[in-house]
1. Against the condition part of a helix (DSSP H, G or I), β-branched (Val, Ile, Thr) and modelled with pLDDT under 90, how does Ile100 come out, does it pass?
2. If you take the residues of the range 50-77 that are closer than 14 Å to Val142 by Cα and hydroxyl-bearing (Ser, Thr, Tyr), which of them is nearest to the chain's Cα centre (by Cα)?
3. Does the range 144-158 include one or more residues that are surrounded by fewer than 18 Cβ atoms within 10 Å (Cβ to Cβ), of a type in the set (A, V, I, L, M) and in contact with a Lys or Arg (Cβ under 6 Å, 6 or more places away or on another chain)?
4. Looking at the range 151-184, which of its residues are modelled with pLDDT under 90 and among the hydrophobic types (A, V, I, L, M, F, W, C)?
5. In the range 172-190, is there at least one residue being β-branched (Val, Ile, Thr), outside any helix (DSSP H, G or I) and within 24 Å of Ala74 (Cβ to Cβ)?
Amino acid sequence: MASSPGNPKSENNDIESKPNHVEETEENNNIDYSQRAQWLRAALLGANDGLVSITSLMLGVGAVNEDIKTMLLAGFAGLIAGACSMGIGEFVSVYTQLDIIVAQMKRENIIRNTIDEDEKLLPNPFQAAIASAIAFSFGATVPLLGAALVREYKIRLVVVVVLASLALFVFGGVGAMLGKTSMKWSCFRVVVGGWIAMAITFGFTKLVGYSSL
């Protein structure tokens, strides 16, 4: 039999369920999103850099050379070099940051137990390096795949730009979702920033090609 609105048993069930709901809400509100920044920054920076760098590189080469093989070779070389550079650079910079933080904690006479408790909050150089290198490679494959599927020169350039723009939009959205920031502004600045980089690279390379330097 269904419980009536005035049934004490039904009211007790509602009262019992409320604390659990409150605890879940408080737990979600207490999530420290700053911890995500340790790997999220490296991953998003790597993916965005890989996408924009390799797309711009391929468009720059395509501005003066219509050969698809040359464009793909330049993009692939940029992928390998960029992934290695991002991984090593991220490792060195984050390790330096870690050394500075630990040294500062010691200067402030923080006991070793406190450092151990806060160890999970410290930046992880290996995590940042791996995330950055893998993400760079992932981002760089987008324009490479787009160019490999199209033989016609002008259509190839358009396809590369369109795919890169879509990927930038997705990266901006994922970053906003994981970091709990504004979706609109995150997508806007990522996409527009990528367009600016592509336009500058293509334009200057085309200018150099016209000048026959």
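The values are calculated or read from the model by the stated rules, or taken from the named source; none is laboratory data. Keep in mind that what you see is a predicted model, and the values were worked out from it rather than measured. Cβ coordinates were reconstructed from backbone atoms using ideal geometry, including for glycine residues, and neighbour counts include every protein chain displayed.
1. yes
2. Ser53
3. The answer is yes; a qualifying residue exists.
4. Within the range 151-184, Phe171, Val174, Ala176, Met177, Leu178, Met183 meet the criteria.
5. There is no residue in the range 172-190 that is β-branched (Val, Ile, Thr), outside any helix (DSSP H, G or I) and within 24 Å of Ala74 (Cβ to Cβ).
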